[in-house]
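A quick write-up on the structure given underneath.
Computed from the coordinates by the stated procedures, all read-outs in this text should not be read as laboratory data. Every value quoted in this text rests on a predicted model; they were computed, and no experiment measured them. Note that each Cβ is placed from the backbone with ideal geometry, even for glycine, and that neighbours are counted across all protein chains shown.
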Amino acid sequence: MPNRLYLFIASIFSMVVILANLLTAKMVTIPFFSQSIPCGLLLYPITFFISDLCVEIFGKRAAKEMIFVGFATSIISSLILQVALLLPAEDAKIQASLSAIFAVNCASLFSSIIAYLASQLLDISLYAKIRSWTGERWLFMRSLGSTLTAQLVDSVIVNAILFGAILHWPWQSVLFISTFSFSYKSVVALSLTPLYYLAVKETKKVLPT
């Protein structure tokens, strides 16, 4: 049961990572603002929820393996998509549409990889460290403390590299999207805290004592 449960959690994690990367191709206009954000941003905060749950239940080493599996599956899926785009197409319009959606932007991929590895590995390291101090107590402290710190790092890295250093957006725009990104992720993390308590409780119930 523990192995099957771990594989299930790791599979969900990898699926969310892949979908978040694919959805990044679509930019979503923020109501009441003149800025847009990648659609993948709306889904990505769930990965921190899952990685924290994995550390809590299976430990830091298992969570680290899950993060690298998520990284590998994301790269492999991107490569498969690129090969598919190179195959001869019967309909040129469909091919053009698919290319517009799935063609890899090297700048976006590079910034996403750096931010993903840095923030996810930081998250599980902080979580494990706080857990070593608190034991079973103060679940919210290790969950929110590690997640909010890691999300801040993620927001700064990905936006500074992609929009600031590579695409040369005005730094006011980079600051706005970084601030909005971190604020959104923080709201999601806070909102998911009751669900996180429930997930930890129910997951521990199905594991052998």
Could you please rank Phe102, Phe58, placing first whichever residue has the fewest other Cβ atoms within 10 Å of its Cβ?
Phe102, Phe58
For region 75-135, what D do you get in µm² per second when you plug the Kirkwood radius from alpha-carbon pairs into Stokes-Einstein at 37 °C and 0.692 mPa s?
227 µm²/s
Projecting each Cα onto the charge dipole of region 2-206 (Lys/Arg +1, Asp/Glu -1 at the beta carbon, about the Cα centre), which of Leu23, Tyr184, Ala199 comes out farthest on the positive side?
Ala199
For region 26-118, with equal point scatterers placed on the C-alpha atoms only and solvent neglected, what are the log10 I(q)/I(0) values from the Debye formula at q = 0.12, 0.13, 0.25 1/Å, to two decimals?
-0.55, -0.64, -1.28
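I'd like the Kirkwood hydrodynamic radius of region 42-84, using the inverse of the mean 1/r over distinct C-alpha pairs, in Å.
Every distinct Cα pair counted, the radius reaches 11.4 Å.
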Would you calculate a helix-derived [θ] at 222 nm for the chain, using -39,500 (n - 2.57) for each DSSP H run of n ≥ 4 and dividing by the full residue count, to the nearest 500?
-26000 deg cm²/dmol
Can you work out the base-10 log of I(q)/I(0) for the chain at q = 0.10 1/Å, using the Debye formula on its C-alpha atoms alone?
-0.47
Place a +1 charge on the Cβ of each Lys and Arg in the chain and a -1 charge on the Cβ of each Asp and Glu, then give the dipole magnitude about the Cα centre in debye, rounded to the nearest 20.
600 debye
Rounded Å value of the spacing that divides the Cα centres of region 1-75 and region 128-193
14 Å
